[in-house]
Amino acid sequence: MSTYRIHTVMGIKMMHLVKSREEYLRLRNSGNQIANVSEARNGNIEAKRDLVQMNYSCLPASGGLLRGATRQSNSVGMDLDFDPMRPDYDQLMAELPAKVIEKKDELGLLMLERSATKGFHVVFRRRTEMSQVENLEWASRLIGVEFDKGAKDITRVFYTTTASDDDLLFLDDDLFTGGEPTDESPSAVQALLEKSRARTAELKAAAQLKAAEGKDPDENASPAVSTDSPSASEGYLGFSWKQIIDKYFDLYNNGKEPSAGNRNTLTFELSQALAPLVDYNADRLLAIVPRYDSLPEQEWRTTVTNALQKRWKTMPRRTSEVMKALKNEELKNYLGGTALMPPEMPKKLPAALKLLTSKVPEPYKACVAEGVFPALAAHLHDVKFRYIDNTEREATLMALLIAPMSTGKSSVNVPINKVMADIVERDNISREREMEWKRKNPSSKSKARDPRPEDICIQVLTSDLTNAAFNQRMFDADRNGHRYLFLKTDELDSMRNVTSQRSIQQLSVVVRNAFDNAEHGQERVGADSVTGKAPLRFNFHTSSTPSVAKALLKNSSIDGTLSRLSVSSIEKEQTMGDIPKYGIYDDKFDADLKPFIDLLNRANGFIECQQLNALIEQLVVESKDIALQYDSEGYELLSRRACVIAFCKGMVLYILNGCRWSKDIGDYVRWSLRYDLWCKMKYFGAIFEEELDKENKSLREGMVSLYDLLPDTFTIDEYRRVRVLQGRSADGMATLRKWRSRSQIEYDSIGNVYVKTKRRAA
């Protein structure tokens, strides 16, 4: 038998084999699935489209694709629909399950479920001597109910419901045996995309040639290619040559094509960068390098072919950067946005976020919704959650807003201030008491001081602190109910002032300790010195321009600092146009906000949400699939803590909703995760991948012996290939000579191979 979950990758439907009852039930019983089923039964068509889809009747086409599938599986899925307007509709719905289960042995019943709307889905063993339609007709006669004639194809997918006893009426483990494995490697989808891109490039080349007909060759600035040349439509790693060339000049000539004065130099440099991608083949290189700004043809040919004299031992740096940039852009596109615009926030927001974003214009709603979480979570005290790995978590949320100058980063200020108003009011009382104590107890070596009141607790920090002041606030917050410190700064650079060292490295330590609520503090010997350690609970919101954020976090990108931040953005394209109009934060706004703040203040103890846990498990798997699809180690690593951050936001929303789950919470959590990762990949993706490459290279060099990686008998090509994979130059002849001089290898001139001796490399 076979059960396949249908999932979409870049708009292409893929089939994933469901291998066990446990996996099947998990897919059916996620928080989003339960909410979507409920919404679908209330008439929400969009919710039905978001249900988990299954296919029970076919085996996947090449590469795991649903489209083009022609092979029947060992099971058959059948759709039974009843007209709700029939007078006996309720009777039919009540009687059918017993009717099917009564015939389960004769039918070969594997699964029976109530559908999302008006009927049932039946899966049974295929009669191999019959066609798909004949199987459906046979089963229909056996149970005495007509099947849906519109659902007769083997590629038909079924919208699955929940795993509750009311929905899943019968399930046999044989449903998960006998399914053929699928090839879901990225190459399957990539091949389809390459074909599509190749066709697009071919049509563009043909259009350019047609537009240039009748013109003198020297007057034509379009590429000197013909549609007869296969290189004109191939591309590299799924990207068309036009995409690669456009991105090259975007990175290395401010997006401008070569023109008189620099066309020869830039054409030569471009040709050098593209040469390794066409195996240094002159004809192929001439077919893809454009002839810019009326560059004479013979001069253009000479320039391009001269570039072939340089043979790179490894991929040129510029070429690598171009391919990385294209991969990152396509990754962002796949995450729901585009290269310029992030994924769109759900239209329907949880009630608290709807209120908090109600006074800001549309371009700022996403950054405000994300930006208020640290302030909201700062109201929780002595509240814990259990993450899907069974570790205890608290609502630690640290937000970074990245946007160009004058794009509205201050739009988050008033919503955050409104959320923090009650804490600030309590803090003012504590500040007055602290000042009074200091006034009565001035520093003195000869006079004993009164003990500092232990019930002083100031949560909202100023942006200029010493280590002693920061730690005192931390001790007070922990002693008075395990409360959170909170800080709002307008610039990331000023966050360095929360430590005496004023360094980004020390701030990195604070961020890492805060995320894990690790012990933090200091030990001093002075009688008046602040000394001791306590769990660090510290939420903050800060902002930065892209260039400053990259500069400050470049050296902290792979030490865990970046992955612990929730990153949001304001895109310049969103804010262009009319002057933004903000709403007025009046008394009604404060009154509407108060019940939400009260819910946070009253929350206590362990709080669990099974629907959220199920959703996060699903998102973890999806994130790994995305990382695999785009061969992005950086995305996969960033997604691990991004899922934790999304979980904490989901728990805050769950508490704000009176500890009731709703579909809009699930939709927001899913979007927030994708949005956070989109922003991180946009601003730090290339930096992160580059730093990972360096670290991986260092690990390889320190831990792996090149000699041990080679087989006992190897060719020179195999030797060079292993060197390149280890990040070394392809030559390495000096190393081979040393190995031979030390009798570690011998050269077999007859077989033209090298043979390892018994003596191993030191």
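Tallying residues that are surrounded by 15 or more Cβ atoms within 10 Å (Cβ to Cβ) and either on the phi > 0 side of the Ramachandran plot or under 31 Å from the mean Cα position of the chain (by Cα) (or both) within the stretch 578-598 yields 2. Give the residues of the stretch 14-29 that are within 15 Å of Thr162 (Cβ to Cβ) and in contact with a Lys or Arg (Cβ under 8 Å, 6 or more places away or on another chain), sorted by residue number. Of everything in the stretch 14-29, just one residue is within 15 Å of Thr162 (Cβ to Cβ) and in contact with a Lys or Arg (Cβ under 8 Å, 6 or more places away or on another chain), namely Leu27.
Specify which of the listed residues (Ser563, Ser568) is touching a strand residue (DSSP E or B) at 6+ places or on another chain (Cβ under 7 Å) and either touching a residue at least 12 places away in the same chain (Cβ under 8 Å) or not acidic (Asp, Glu) (or both).
Values: Ser563 fails: touching a strand residue (DSSP E or B) at 6+ places or on another chain (Cβ under 7 Å).
Sole residue among the options that is touching a strand residue (DSSP E or B) at 6+ places or on another chain (Cβ under 7 Å) and either touching a residue at least 12 places away in the same chain (Cβ under 8 Å) or not acidic (Asp, Glu) (or both): Ser568.
Considering only residues that are in a helix (DSSP H, G or I) and closer than 13 Å to Tyr56 by Cα, look in the stretch 166-177 and name the one that is most open to solvent (accessible area, probe 1.4 Å).
Step by step, filter the stretch 166-177, then rank; the result is Asp174.
Applying the criterion of at least 1 residues that are out of contact with any His (no Cβ under 9 Å at 6 or more places or on another chain) and modelled with pLDDT of 90 or more to the strands (runs of 3 or more DSSP E) found wholly in the stretch 454-541 leaves 485-488. As a summary of the residue check, Ile429 satisfies the conditions (1) assigned to a helix (DSSP H, G or I); (2) open to solvent by less than 100 Å² (accessible area, probe 1.4 Å) except for the one numbered (2). With respect to the conditions (1) on the phi < 0 side of the Ramachandran plot; (2) surrounded by fewer than 21 Cβ atoms within 10 Å (Cβ to Cβ); (3) in contact (Cβ under 8 Å) with a residue 40 or more places away in the chain, Glu636 lacks only one, and its number is (3).
Here Ile388 qualifies as at pLDDT below 95, aliphatic (A, V, I, L, M) and open to solvent by less than 60 Å² (accessible area, probe 1.4 Å). Only one of the numbered conditions (1) closer than 25 Å to Gly666 by Cβ; (2) free of Cβ contacts under 8 Å to residues at least 40 places away in the same chain is not met by Glu102, and that is (1).
When the helices (runs of 4 or more DSSP H) confined to the stretch 677-760 are screened for residues that are at negative phi, open to solvent by 70 Å² or more (accessible area, probe 1.4 Å) and at pLDDT 80 or above, those reaching at least 1 such residues are found at 716-725, 733-741. Taken over the stretch 473-513, the residue count meeting the criterion of being open to solvent by 40 Å² or more (accessible area, probe 1.4 Å), within 19 Å of Ile558 (Cβ to Cβ) and touching a residue at least 24 places away in the same chain (Cβ under 8 Å) is 2. The number of residues in the stretch 112-152 that are over 26 Å from Arg86 (Cα atoms) and touching a helix residue (DSSP H, G or I) at 6+ places or on another chain (Cβ under 7 Å) comes to 4. Screening Val567 with (1) more than 18 Å from Val368 (Cα to Cα); (2) touching a Lys or Arg at 6+ places or on another chain (Cβ under 8 Å); (3) open to solvent by less than 10 Å² (accessible area, probe 1.4 Å); (4) among the β-branched types (Val, Ile, Thr) gives one miss only, at (1).
Would you please name the residue that is farthest from Gly77 (Cα to Cα), looking only at residues in the stretch 125-165 that are assigned to a loop (DSSP other than H, G, I, E, B), open to solvent by less than 20 Å² (accessible area, probe 1.4 Å) and at pLDDT 90 or above?
The extreme case among them is Thr162.
If the condition is being open to solvent by 10 Å² or more (accessible area, probe 1.4 Å), hydrophobic (A, V, I, L, M, F, W, C) and either under 24 Å from Phe606 (Cα atoms) or touching a helix residue (DSSP H, G or I) at 6+ places or on another chain (Cβ under 8 Å) (or both), then the stretch 657-676 contributes Cys659, Trp661. Would you check if there is a residue in the stretch 386-409 being in contact (Cβ under 8 Å) with a residue 40 or more places away in the chain, aromatic (Phe, Trp, Tyr) and farther than 16 Å from Pro374 by Cβ? Yes, some residue in the stretch 386-409 is in contact (Cβ under 8 Å) with a residue 40 or more places away in the chain, aromatic (Phe, Trp, Tyr) and farther than 16 Å from Pro374 by Cβ.
The residues of the stretch 404-426 that are open to solvent by 40 Å² or more (accessible area, probe 1.4 Å), of a type in the set (A, V, I, L, M, F, W, C) and touching an Asp or Glu at 6+ places or on another chain (Cβ under 9 Å) amount to a single one, Ala421. Regarding the stretch 437-448, can at least one residue be identified that is modelled with pLDDT of 95 or more, open to solvent by 90 Å² or more (accessible area, probe 1.4 Å) and at negative phi? No: the stretch 437-448 contains no residue that is modelled with pLDDT of 95 or more, open to solvent by 90 Å² or more (accessible area, probe 1.4 Å) and at negative phi. When Val460 is tested against (1) under 30 Å from Ala366 (Cβ atoms); (2) over 43 Å from the mean Cα position of the chain (by Cα), just one condition goes unmet, and that condition is (2). Of the residues making up the stretch 623-633, those that are open to solvent by less than 40 Å² (accessible area, probe 1.4 Å) and either in contact (Cβ under 8 Å) with a residue 24 or more places away in the chain or outside any helix (DSSP H, G or I) (or both) number 5.
Among the residues of the stretch 606-617, the one identified as touching a strand residue (DSSP E or B) at 6+ places or on another chain (Cβ under 7 Å) and either open to solvent by less than 70 Å² (accessible area, probe 1.4 Å) or in a helix (DSSP H, G or I) (or both) is Ile607.
Give the residue that is farthest from Leu237 (Cα to Cα), with candidates limited to residues of the stretch 296-308 that are surrounded by 15 or more Cβ atoms within 10 Å (Cβ to Cβ), without any contact (Cβ under 8 Å) to a residue 40 or more places away in the chain and of a type outside the set (S, T, N, Q). Selected residue: Arg301.
The values are calculated or read from the model by the stated rules, or taken from the named source; none is laboratory data. Computed from a predicted structure; not experimentally measured. In this analysis, Cβ positions are derived from the backbone assuming ideal geometry, glycine residues included, and neighbour counts consider all displayed protein chains. Remember, those area values only see protein heavy atoms, side chains included, never the ligands or the DNA or RNA. Shrake-Rupley method; radii C 1.70, N 1.55, O 1.52, S 1.80 Å.
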